[in-house]
Amino acid sequence: MEERSYFGELELMVILAVIGLGDDAYGVPISREIEKHRGRMVALGSVYAALERLEKKGMVSSHLGDPTPERGGKAKRYFRVTEAGLREVQKTRQALSKMWRRLPALGEKRV
Amino acid sequence: MNRGKSPRVASWLLEHLVPQSQRDQALPGDLLEELNRGRTLGWYWCQVLAAVLISWAIVVHKQKMTFLFAILWSVPFPMLLFYATSAKWFDVFLSHTIRFPWPYSALSELTLELLAASLYVWSGAALYVVTYAYLASRTLTLRGLCRAFVIAILVLLGACFGTAEIVSLTNFSLATYIDRRTFTAMQSITNPRLFLERVPIILSALFAIRAMLPDAKNGAPRPVS
């Protein structure tokens with residue numbers, strides 16, 4: 001079965017956070033970025049699950065950094081968006097932008 | 001500040017309850033980093049429990065057909081066990097075994113029941129795997145099959161012991177509840193109290209199938225330069 005290529009809500013937020021953070025995109029800043037914009041706590045496990053799905057679809061790639069003492073000697077996993085990922089985000093933005101235009105303002109009568 | 005106060009139990013859960021395929025040093029490191037930056041122990045515990053639940057939900061989702069098959073395969077087991085133990089040959093066997101001194105009499109009865117359950121699990125796992133291999137054009141190895149048979153019987157032993165402990169601890173006795181004279185095949189399927197008897201079969205079948213069909217690995221894509 002072919003893997004779907006469109007994004008879920010969390011996946012879209014995660015990939016946008018990865019793009020925004022650039023070279024510093026690993027679990028902690030990604031989840032903090034999402035928390036900042038979403039306004040509520042996000043489980044790091046769900047962020048990693050979304051990243052794993054994105055990596056499987058070829059939207060992001062990852063590599064391990066050096067282990068640090070403040071992390072109990074555990075390495076950070078850094079994520080980067082791939083060309084395919086960037087292309088898919090652009091396509092999603094175009095599709096969503098067209099659809100957002102039809103959104104009526106609150107209290108406005110729907111046709 | 002919670003520097004160096006990572007709760008051992010939570011860390012142990014994270015290390016042992018998250019399946020190996022998804023276990024990565026990045027998540028425990030991230031949680032520790034956040035804890036050292038001032039997050040509370042409650043936050044750490046919430047994150048660990050969420051990570052465990054999410055990872056198992058992923059496993060169940062990925063293996064949903066296997067889980068569904070294992071659950072469905074376990075449904076008729078109490079009925080078959082009931083009819084097998086009600087059969088005349090079982091009484092003949094019991095009359096022979098009770099002549100042995102204890103614990104050999106109990107051991108021979110347990111061995112027979114374990115063998116019957118193992119045969120049931122093995123036949124179910126083999127049916128699933130052969131069908132899957134045929135439909136997905138996958139080849140099966142003799143080594144994988146042997147490993148699955150061994151794993152199935154070990155899991156079955158552990159799960160049987162675990163359910164027996166639960167039965168004894170919670171007074172969830174089946175013997176006092178089921179009247180063998182009025183017991184029907186339909187009751188053996190619909191009776192919720194028989195769920196515990198199915199748990200070892202479900203677990204054993206799952207582990208056997210997973211041992212025969214290990215997950216394929218994925219390649220990594222090229223990053224933006």
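The values are calculated or read from the model by the stated rules, or taken from the named source; none is laboratory data. None of these values were measured; they are calculated from a predicted model. Positions of Cβ are backbone-derived with ideal geometry, glycine not excepted, and every protein chain shown enters the neighbour counts. These area figures cover heavy atoms from the full protein model, side chains too; ligands, DNA and RNA do not enter into them. Shrake-Rupley method; radii C 1.70, N 1.55, O 1.52, S 1.80 Å.
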I'd like the FRET efficiency for B:Glu15 and B:Leu41, computed as 1/(1 + (r/R0)^6) with the beta carbon distance as r and R0 of 25 Å, rounded to 0.05. 0.90
Comparing each residue of the stretch A:17-46 in the complete protein assembly with the chain by itself (heavy atoms, probe 1.4 Å, ligands and nucleic acids ignored), those losing at least 50 Å² of accessible area are A:Val28, A:Arg32, A:Met41, A:Leu44
Just read off the accessible area of A:Lys98 with the full protein assembly in place, 1.4 Å probe, to the nearest 10 Å². 130 Å²
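Report the FRET efficiency, 1/(1 + (r/R0)^6), for B:Leu112 and A:Arg32, where r is their Cβ-Cβ distance and R0 is 51 Å, rounded to 0.05. If you can, show how the numbers build up before the last one.
Details: r = 59 Å, r/R0 = 1.16.
The computed FRET efficiency comes out at 0.30.
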Could you sort the residues of the stretch A:70-98 by number and keep only those whose accessible area is reduced by 40 Å² or more in the all-protein-chain setting relative to the chain alone, 1.4 Å probe? A:Glu70, A:Arg71, A:Lys74, A:Arg80, A:Glu83
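Please report the buried accessible area for the interface of B with A, total over both chains, probe 1.4 Å, in Å² to the nearest 100. Could the numbers behind the result be given before it?
Working: alone 15320 and 8320 Å², together 21070 Å².
Buried: approximately 2600 Å² between A and B.
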Please tell me which of these pairs span more than 25 angstrom C-alpha to C-alpha: A:Lys36/A:Lys76; A:Lys57/B:Lys62; A:Lys91/B:Lys64? A:Lys91/B:Lys64
Binned at 5 Å from zero, the C-alpha pair distances of the stretch A:1-109 give percents of 2, 11, 20, 20, 18, 12, 7, 4, 2, 1, 1, 0
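Select from chain A the helices, each a whole stretch of DSSP H, whose alpha-carbon atoms run 24 Å or more along the helix axis and whose Kyte-Doolittle mean is at least -1.0; answer none if there are none. Show your work: numbers first, answer last.
Details: long enough: A:83-100 (25 Å, -0.91).
Taking the DSSP H segments of chain A (at least 24 Å long, mean hydropathy at least -1.0), we get A:83-100.
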Cα→Cβ-extended label distance, 7 Å offset, between A:Asp24 and A:Arg93, nm: 2.1 nm
